[in-house]
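The values are calculated or read from the model by the stated rules, or taken from the named source; none is laboratory data. Everything numeric here is computed off the predicted structure, so don't read it as measured data. Cβ placement follows ideal geometry from the backbone for every residue including glycine, while neighbour counts extend to all protein chains displayed. For accessibility, only protein heavy atoms count, side chains too; no ligands or nucleic acids. Shrake-Rupley method; radii C 1.70, N 1.55, O 1.52, S 1.80 Å.
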Amino acid sequence: MKSFWIVFLIPAVLCAGGRTVSFSAINPVTYAQVELDSVRVENLTLGRDTTLAGVDRIELESWTGIARAAALPLHFDLTGNYPNGFAFATRFSTALPHGGLLELELFNILGQRLTARAFNLPPGWHAFALESSALANGVYFLRAASGTQQQVIKMVKIGPSVQGNLQILYQGAGGRPAGVALAKTAEADLYRFTAFAAGYVDAVVEQRVAESVSVRFEMVPPKPPDDFTSGWRGFNLLGFFTVEWSNDGFYEEDFQMISELGFNFVRLPIDYRIYTRPGDWSVFLEPKLAQIDQAVAWGQKYGIHVCINLHRAPGYCVNSPSTPLPPRQNISLWDNAEARQAFAAHWRMFAERYKTVPAEALSFNLVNEPGNVSGETYAQAMQPAIQAVRQVSPQRVIISDAVDFGNGRNDAILAQNVVVSPHFYNPFTLTHYNADWVDGSDSWPVPVWPPHLVSGYFYGSGKSPWNTPLLISGDFPAGTTVTLHVSQVSASADFQVYAGSVLQYRHDFRPAAGTGEWKEVIYRPEWNIYQNIYDQDYTFTLTRGASELCFRVQSGDWMTWTGLTFEMPAGSALKNVTISPGISDWGVPQASYALQPDGSLLLVKVPAGFEEHFLVNGFLQQWIDLKKSGVAVHVGEWGVYNKTPHEVTLAFMENRLLAMKTAGLGWALWNFRGSFGIMDSDRRDVVYENWRGHKLDRKMLELLQRY
């Protein structure tokens, strides 16, 4: 059987003076390398093409494509599909010697027809794709028929079905049948290269090739189906954020500017103490509620969806109050019936107040960033409030923040038919660098992007199975100076460094009360331990050359670090290297890496079960999976504090915006005007544009508008 997928055997050493095109691919969301299934090469100048499978380069001096007139097939044919098995999509082709009607049908093993397409095509080779993520794991049969001729092939689908389309798509004419002679090309010819990989959207690059080049494709996974929140893009407005310092209310000017700049969503994080009588959360203050009414009306006036959120709700807030709560209000929403009753009463009040406002104009976001609570307990606490809203406004959109402070899925709440809202502040050491409300953030290393995907924790035997070593292979000559900047140590940490089996360095950290090598004493009475801040460099020099270094806490609890520097000896051609950990999540063990001659760090091996933590935006997959299951997901908060360098901020934001776009996620930046926003952010490294009496960060604005 002739195959549409052509394997070229390219020699490792190519002829001098040849024009070689090398192919590679990367997922621009995660920065992970993508293994290509095949590449279609088209000479657009000559109208010829072929497809490569299983190779990563082609020498153009010996190929220019196929003249279609010489490639007409003699017999009807259906090729095998590639890849087989497949998870998301597979491709195949047909040969039509005379042209005419081509019918394609897909059947399951019971003989039931699942989908069908018919095409009226000219003579020649024709390529097709089966988009198949909706299929269950198993065996299927594809039938192709033209006139009185037909053929059937067997296809194997791998992996469970997910929400998506099942369809047969025409991919175009072309392909190189066996035995067709190849011709020479000119340097002025224009080429189109199309890359295919299972589980990714096809990527296309067009260019002229006058000399050897490397073509790198950016390939993204298929976007989940959009939900009604996918188009919500906007900002958080902090007019009623907290009674202590942000309680002036909202401004029509903000709504007008947001609309004019092309955005359509605002989230209003609100402190309940602003609209209730001090000391009595059952008494609502009409003048303050009227200011929220005005914000809702401005949203309708300017075509902006308004989301009301209780940032401080009766019984819970992610932030400690600047002033003590009244004793009767210092209770927990998660386990106190009075707090739950008050919480439900507040939402019933809002539901009654806005019951005539259309659902497309207003939504309710129950409580901001629930933390230190199980999914089941959280769902139980939300039930009275959800019921109160639905009794008044059955169609009102209700949004539930993700648990674990906006980071974790909570399937226990999904039965309530809510929109789920994760908050994207990953990595936290970049988004909250030098934030004065985050302890220890002033000792973090200056952020970089993309980050080094290394855990910032060393775990001891007391934290098994997270107590894996950090292994770095490379060329470490004798005289190499190694410096680790230690941030915090919990209880104790016997830190050791080995070159092979030889101990190179050891330091037994023992935080305690009083003065010591630490800079700050932190005592945790709930565990009767010290978790002191060290903020110190610890340095040693290799006495012999090494090809691998092993860093670990042999025994003890845990310690954090913010920088690992290798200073090469005088006269060495090797580069000095500093590694800043880019993974700040708790419970992520260390992995294995190879230090490259150019100073880059190559990830070699990840502990099983932690793979997503070692991908940029790896955390995103849980939300993509949730969207594919039919649950609406919207990112209620994300952004970068103004102390992170602006160049790093923009690079991070562009990657995050691409990630959300490819996942079909709408978003709300924290905030509009202020330290995370596009205006009046007080960044010291931005050239602002004066606009409407404000300082506008034009580069950040244009970045947001592009996505």
Segment Val139-Ile158, length gained on full extension (0.36 nm per residue, minus Cα span) | 5.9 nm
Round to a whole angstrom and tell me the spacing of the C-alpha centers of segment 116-147 and segment 623-640.
-> 33 Å
What fraction, in whole percent, of alpha-carbon pairs in segment 451-600 exceed 24 Å separation?
-> 31 percent
Going out from 0 in 5 Å bins, what whole percent of all Cα-Cα distances in segment 548-600 drops into each bin?
-> 4, 12, 24, 25, 16, 9, 6, 2, 0
Rounded if a/c is under 1.5, else prolate if a/b is larger than b/c, else oblate: which is the chain, with a ≥ b ≥ c the root eigenvalues of its Cα gyration tensor?
-> oblate
The chain, helix-only ellipticity at 222 nm - DSSP H runs n ≥ 4, -39,500 (n - 2.57), divided by all residues, nearest 500 = -4500 deg cm²/dmol
Here, His507 and Thr148, labelled 7 Å along Cα→Cβ, have an inter-label distance in nm of 8.6 nm
Consider a paramagnetic label point 7 Å from the Cα of Gln380 along Cα→Cβ; state which residues of segment 321-350 have an amide N under 12 Å from it.
-> 334-337
Highest mean first, what order results for 407-413, 450-456 on Cβ atoms within 10 Å?
-> 450-456, 407-413
In Å, what is the Rg of the alpha-carbon atoms in segment 517-563, and how long is Dmax?
-> 14.8, 45
So how do Tyr459, Tyr433 rank on accessible area, 1.4 Å probe, biggest first, that is with the largest at the start?
-> Tyr433, Tyr459
Positive-pole candidate from Pro278, Asn264, Val215, dipole of segment 211-282, charges at beta carbon = Val215
Which value, in nm² and rounded to one decimal, describes the direction-averaged projected area of the C-alpha convex hull of segment 413-536?
-> 12.3 nm²
Return one number: the angle in degrees, 0 to 90 and rounded to the nearest 10, between the long axis of the Cα atoms of helix 286-301 and the longest principal axis of the Cα atoms of the chain.
-> 20 degrees
Cross-link reach list, lysines versus Lys699, counting only Cα pairs under 17 Å and skipping chain neighbours closer than eight places | Lys643
Any idea how far apart Val438 and Phe228 come out in nm if each label point goes 7 Å out from Cα toward Cβ?
-> 3.5 nm
Taking the chain as the reference, fit the longest principal axis to its C-alpha atoms, fit the long axis of helix 375-392 to the helix C-alpha atoms, and give the angle between the two in degrees, 0 to 90, nearest 10.
-> 80 degrees
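Taking only the C-alpha atoms, wrap a convex hull around segment 475-562 and report its volume per residue in Å³ as a whole number.
In segment 475-562, the Cα hull volume divided by residue count equals 84 Å³.
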Translational D (Stokes-Einstein, µm²/s) of segment 117-238 at 37 °C and 0.692 mPa s when Rh comes from the Kirkwood sum over C-alpha pairs?
-> 173 µm²/s
Calculate, in nm to one decimal, what Ile26 and Arg524 gain on full extension: separation in residues at 0.36 nm each, minus their alpha carbon distance.
-> 174.8 nm
Calculate I(q)/I(0) for segment 310-365 by the Debye formula, one identical point scatterer on each C-alpha and no solvent, and give its log10 at q = 0.17 Å⁻¹ to two decimals.
-> -0.63
Under 24 Å Cα to Cα from Lys628, which lysines show up? Leave out anything in the same chain fewer than 8 places away.
-> Lys157, Lys223, Lys661
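Applying 1/(1 + (r/R0)^6) with R0 = 56 Å to the Cβ-Cβ distance of Asp411 and Ala186, what FRET efficiency is obtained, to the nearest 0.05? Let's see the in-between values first.
Values: r = 59 Å, r/R0 = 1.06.
Working from the Cβ atoms, E equals 0.40.
Give the shape of segment 598-650 as rounded, prolate or oblate, defined through the alpha-carbon gyration tensor: a ≥ b ≥ c are the square roots of its eigenvalues, a/c under 1.5 means rounded, and otherwise the shape is prolate if a/b is larger than b/c and oblate if not.
It is oblate, given that a/c is not under 1.5 and a/b is not larger than b/c.
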Looking at the chain, which longest stretch skips every one of the GluC sites (Glu not before Pro) that is in a DSSP loop with at most 13 other Cβ atoms within 10 Å, leaving the sites themselves out?
-> 527-707
Compactness ratio of segment 581-694: Cα Rg over 2.2 N^0.38 Å, N = residue count?
-> 1.33
Relative to the chain, whose Cα atoms define the longest principal axis, helix 646-662 and its Cα axis are tilted in degrees, nearest 10, by 60 degrees
Label points 7 Å out from Cα along the Cβ direction at Thr565 and Ser214: separation in nm?
-> 3.0 nm
per DSSP, antiparallel bridges as share of beta bridges in segment 583-707, % nearest 5, sits at 75 percent
